[in-house]
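Beneath this line is the structure, given in structure tokens, with notes to follow.
The values are calculated or read from the model by the stated rules, or taken from the named source; none is laboratory data. These numbers were taken from a predicted model, which means no experiment stands behind them. Here the Cβ positions follow ideal geometry from the backbone for every residue, glycine too, while neighbour counts run over all protein chains shown. Please note that ligands, DNA and RNA were not included when accessible areas were found on the heavy atoms of the full protein model with its side chains. Shrake-Rupley method; radii C 1.70, N 1.55, O 1.52, S 1.80 Å.
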Amino acid sequence: MSAKTTTNATARANALARRQEFVQRLQDGNYRALYGEHLNSIFSQAVEQFAELGLSEEIGSLRVVLARLLAEEDDLNRLAMNVARVVSVTLRTVQAHHELTGQSASDILDELSKALDELGGLAPITNPIDHPRKDQQ
């Protein structure tokens, strides 16, 4: 058996042992042991910040991204595609924020309308329950 074959076999055995250890920790519910101290520290900071701020900073960051996109993108096709992406992510983030904080769907629409209005008076979003489309009346 060559040295290369032995090295590959050892690497595979080590990878299998690490995988089995990982699975065992998952089954035991020992999630902190899955990651190193550095990642655990980052997770702890994220939890503390979320408890303090919710997703407000993330939503604010998405507003900044959208504003920069509107100000800097000249290609209308790319602008339309990227605005749709950012607005979609913003909406999902606002929904998650409101689900975690217990606010209603109407509040979500109010938040999104406010964000769009801040970006230059884009058309407001209305609650379809309160304001059905004309073809639904």
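Assorted remarks:
- Charge dipole (Cα centre; +1 on Lys/Arg Cβ, -1 on Asp/Glu Cβ; no other charges) of segment 1-79 amounts to roughly 760 debye.
- Solvent-accessible heavy-atom area per residue, rounded to whole Å², over segment 1-63 at 1.4 Å: 81 Å²
- Shape category assigned to segment 1-82 from the gyration tensor of Cα positions, a/c cut at 1.5: oblate
- Charge dipole (debye, nearest 20) of segment 1-44; +1 at Cβ of Lys and Arg, -1 at Cβ of Asp and Glu: 200 debye
- Here the gap between I42 and S61, fully extended at 0.36 nm per residue and compared with their Cα-Cα distance, gives a gain of 4.9 nm.
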